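The values are calculated or read from the model by the stated rules, or taken from the named source; none is laboratory data. These numbers come from a predicted model, not from an experiment. All Cβ positions, glycine included, derive from the backbone under ideal geometry; neighbour counts span all protein chains shown. For the accessible areas, the whole protein counts, side chains as well, though only heavy atoms, and no ligand, DNA or RNA atoms are used. Shrake-Rupley method; radii C 1.70, N 1.55, O 1.52, S 1.80 Å.
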Amino acid sequence: MLRRLLLTAAASATAALTAVPSASAGTPAPPPAASPVPTASPAPLAAPAGLSSLYTAARSGTEPAAMPPPARPEDSGDRLTVTVHDAGNGADGTYELDCHPAGGSHPRAAEACDLLDGNTTWGKDLFAPVPPDALCTMQYGGPATAHVTGTWAGRPVDARYDRTNGCEISRWNTMVPFLPDLMA
């Protein structure tokens, strides 16, 4: 971000300088350089301890695939409780899910942990609700609801899921097998 800001400022300054008329009347201004973007990059900033790979990825413009683990093992907190109602087919109930390593009473603990790990990205809430201004199809996916509480990636979780419209159905389906598969 800082690099982009510096490059934009340098390009703007170069463009402004080439637009200024030359000091001697009748002498045209010199043509602009081949590239208004400077070739020297700013000095790298030091990465915070334990986040060097994340910091490097952020500076290079690429996003890391998944959120890094907490710095201390006791902060892992990857424990969730899922309470499912009205799903049918024996899917109703309360399930405990522990990850790293996978365990608990969740019927598909390893697959659920893999799904959550694979979809966890730095700076995004994996359990975020559908935005209030989202345009959703008017379809009903059934009466199933789920309530998820606990801690994931060191952050508290208190999320509710239902299947009352197309957005909510899609949100539910992206969490299968963490949530029961109701399409079967």
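Identify, from the list Leu135, Leu179, the residue that is in a loop (DSSP other than H, G, I, E, B) and touching a strand residue (DSSP E or B) at 6+ places or on another chain (Cβ under 8 Å).
So the residue among Leu135, Leu179 that is in a loop (DSSP other than H, G, I, E, B) and touching a strand residue (DSSP E or B) at 6+ places or on another chain (Cβ under 8 Å) is Leu179.
If Pro132 meets every condition in (1) touching a residue at least 40 places away in the same chain (Cβ under 8 Å); (2) of a type outside the set (Val, Ile, Thr); (3) open to solvent by 70 Å² or more (accessible area, probe 1.4 Å) apart from one, which number is that one?
(1)
Do we have any residue at all in segment 111-122 that's open to solvent by 80 Å² or more (accessible area, probe 1.4 Å) and in contact with a helix residue (DSSP H, G or I) (Cβ under 8 Å, 6 or more places away or on another chain)?
yes
Determine whether Gly154 is within 20 Å of the chain's Cα centre (by Cα) and either surrounded by 15 or more Cβ atoms within 10 Å (Cβ to Cβ) or modelled with pLDDT under 95 (or both).
Considered against the rule, which asks whether it is within 20 Å of the chain's Cα centre (by Cα) and either surrounded by 15 or more Cβ atoms within 10 Å (Cβ to Cβ) or modelled with pLDDT under 95 (or both), Gly154 comes out as yes.
Considering only residues that are modelled with pLDDT of 90 or more and open to solvent by less than 30 Å² (accessible area, probe 1.4 Å), which ones fall in segment 71-82?
Of everything in segment 71-82, those that are modelled with pLDDT of 90 or more and open to solvent by less than 30 Å² (accessible area, probe 1.4 Å) turn out to be Asp78, Leu80, Val82.
Just for segment 83-104: of the residues that are part of a strand (DSSP E or B) and without any contact (Cβ under 8 Å) to a residue 40 or more places away in the chain, which one is surrounded by the most Cβ atoms within 10 Å (Cβ to Cβ)?
Within segment 83-104, the match that is surrounded by the most Cβ atoms within 10 Å (Cβ to Cβ) is Tyr95.
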